[in-house]
Amino acid sequence: MKRLLSYSHDTYGLGNIRRMLAVCNHMIETIPDLSILMVTGSPMVHNFRVKNGIDYIKLPCLSRTEAEGYAVKSIDVDLDETVRLRSDLILQTVASFKPDLILVDKKPYGVEQELRSTLNYVQTHLPETKCALLLRDVLDGAESTVKVWRKQGYYEALRRFYDLVLVVGTRAIFDTTKEYSFPPAVADKVRFCGYIKKEAEVQRRDALRKELKLHTKKFVLVTVGGGEDGYHLLATYLAGLAVQPVAEPFDSVLVCGPEMPGSQQTLIHQAAIRQPHVQVREFVDDMPGYMDAADLVVSMGGYNTLCELLSLQKRAVVVPRVRPVKEQWIRAQRMASLGLFGVIHPDDLTPEKLMRTVFDNLDAADGSDRSRPGLDLDALPRIGNYIRGLLGEERVQHAVSTDEAYTVPISRLSERRDGNNGGGHPIVHGHPLLAAR
């Protein structure tokens, strides 16, 4: 039985935990004799379906205050103490679980460097354990990302500790290695896997529309992901319904997201009551199903949301986040330039402009847009191939992508990162419970 441990810091929204769950669920379905233990800071992990063979350990929650700034979310403990607690929990878990592979999401050293001691421990005490980084195609603008990565020592972390970097994206949209100035030794470890395809139940569309008791022929879904900064889009949409005449009525379902403050959710509910054919939900655990049932989707520009739109070939209006990082805007703008959906910069968002765009798209929509160009959505099987290689298969055949094709010998994947212990860094510094191991 092989063991995989995944780490996802999850300080903002639902994107990281949903993406990691999709990857873990796929691996459990396709890799025999595998057990997965997820280590996550997500406050919502218990709300998602977790397949048999997967369990999780919940870390104390952090929240993001600004780009690369964090605060304690729930408990009355200062940030440094909470990070030490999280770091201790991660290290104890790895030392006890002894995974064959550690899959880290986004940050090579974790949030606030909380993985550093664990990576040092693994390199010295679990030398057969492989490490892979799961990375979104876009993190932020090039200048700010390179500055952060240099400051945090992420390039060196990838060189020393990681066997592969699995990018869920394509060079055609964003060449992560080039845009972020990856050194050659690090760029050589990068594999572009394509985007993550989201599946919806085939029979779900008609059943869900009946469950919603729609009163009209067309249905617009408005979703803002986790919802922590989604109030403005929902409020603008409701204001647009109030000021724009509607030739043909349509139903709207607004999903606030579990992270939207209660006071803002109350305002959305109060405004929605004054509008006919509007329903409000706090959270749905089948967002692909709701998207599939809709004729048009209005959304923010999170990675998972765009993958769902592309997977279902939905006609959509995207209003991406531009602060505190530009990730959503960069990705959405580049995809929109290919005609994949419409995009509105949030600084240009008005009730009138949003409603005009909604009406135009509803007039042209039949619930999907099969004629639009598609993107490579085969990330999950490619990630599974690379994971199997890291877990010990002789060869991994990388399915042909739009960017590249690889055949990766196990001899290459099993090479240790730099052949040493990283210049004598302390292995369990600050972790006395493991000092005697």
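Laboratory data are not the source of any read-out in this text; all were calculated from the coordinates shown. Small disclaimer: the values here were computed from a predicted structure and weren't measured. Cβ coordinates were reconstructed from backbone atoms using ideal geometry, including for glycine residues, and neighbour counts include every protein chain displayed.
Placing +1 on each Lys and Arg Cβ and -1 on each Asp and Glu Cβ, with no other charges, gives the stretch 152-200 a dipole about its Cα centre of roughly 80 debye. For the pair the stretch 17-73 / the stretch 257-281, the C-alpha centres are spaced 28 Å from each other.
Based on C-alpha pairs under 8 angstrom that are at least 6 apart in sequence, the chain has a relative contact order of 16 percent.
Annotation for the stretch 215-306: trypsin sites (Lys or Arg not before Pro) lying in DSSP loop with at most 14 further Cβ atoms inside 10 Å of their Cβ are 217, 274. Each part reduced to its alpha carbon centroid, the stretch 185-253 and the stretch 293-368 end up 9 Å apart. Sorting 332-338, 17-23 by their mean Cβ neighbour count within 10 Å, with the most densely packed peptide first, gives 17-23, 332-338.
Computed from the C-alpha gyration tensor, the three semi-axes of the ellipsoid equivalent to the stretch 108-245 are 42, 20, 16 Å, from longest to shortest. Using a cut-off of 22 Å between Cα atoms, the listed pairs 197/314; 106/314; 2/51; 106/198 include 106/314 as exceeding that distance. For the stretch 102-200, GluC sites (Glu not before Pro) meeting the loop criterion (DSSP other than H, G, I, E, B) and having at most 14 other Cβ atoms within 10 Å: 128, 199.
Using Cα atoms only, what is the angle between the long axis of helix 379-390 and the major principal axis of the chain, expressed in degrees (0 to 90) to the nearest 10? For helix 379-390, the angle is close to 10 degrees.
Taking the Cβ-Cβ separation of residue 57 and residue 248 as r and a Förster radius of 60 Å, what is the calculated FRET efficiency to the nearest 0.05? Please list the in-between numbers first.
On the way: r = 51 Å, r/R0 = 0.85.
E(calc), rounded to 0.05, equals 0.75.
Annotation: Cα Rg of the chain relative to the compact-globule expectation 2.2 N^0.38 Å equals 1.00.
Please give the residues of the stretch 118-137, grouped as numeric ranges, whose backbone N is less than 12 Å from a label point set 7 Å along the Cα-to-Cβ vector of residue 3. Inside the label zone: 126, 129. Comparing 381, 288, 32 in a Gaussian network model of the chain (Cα springs below 10 Å), the most mobile by mean-square fluctuation is 32.
Please label the shape of the stretch 204-364 as rounded, prolate or oblate, based on the square roots a ≥ b ≥ c of the eigenvalues of the alpha-carbon gyration tensor (a/c under 1.5 means rounded; beyond that, a/b larger than b/c means prolate, else oblate). Judged from the Cα gyration tensor, the stretch 204-364 comes out rounded (a/c under 1.5). PRE reach from residue 274 (point 7 Å along Cα→Cβ): which of the stretch 207-226 fall under 12 Å by backbone N? Answer for this model: none.
Principal-axis analysis of the Cα atoms of the chain puts helix 262-273 at an angle of about 30° to the longest axis.
If you take every DSSP beta bridge fully contained in the chain, what fraction is antiparallel? Give it as a percent rounded to 5. Bridges in the chain that DSSP calls antiparallel: roughly 15 percent.
Here the simple spin-label model places points 7 Å from the Cα toward Cβ, and for residue 78 and residue 46 these points are separated by 3.0 nm. Between residue 323 and residue 350, the simple spin-label model (points 7 angstrom out along Cα→Cβ) gives 2.0 nm. Assign one of three labels to the stretch 1-63, namely rounded, prolate or oblate, based on the Cα gyration tensor with a ≥ b ≥ c the square roots of its eigenvalues; rounded applies when a/c is under 1.5, prolate when it is not and a/b is larger than b/c, and oblate otherwise. The shape class here is prolate. Here residue 96 and residue 281 are evaluated by their C-beta separation; at R0 = 51 Å the FRET efficiency comes out at 0.80. Computing FRET efficiency as 1/(1 + (r/R0)^6) for residue 207 and residue 360, where r is the C-beta to C-beta distance and R0 is 30 Å, gives about 0.55. Checking the cross-link filter: which aspartates and glutamates have an alpha carbon closer than 12 Å to that of residue 73, excluding same-chain neighbours under 8 positions apart? Answer for residue 73, where 12 Å is the Cα cut-off: 10, 259, listed by chain and number.
The angle between the Cα long axis of helix 303-312 and the longest principal axis of the Cα atoms of the chain comes to about 60 degrees, rounded to the nearest 10.
Calculated [222 nm] ellipticity per residue, helices only, for the chain: -11000 deg cm²/dmol; basis is -39500 (n - 2.57) per DSSP H run with n ≥ 4, divided by all residues, nearest 500.
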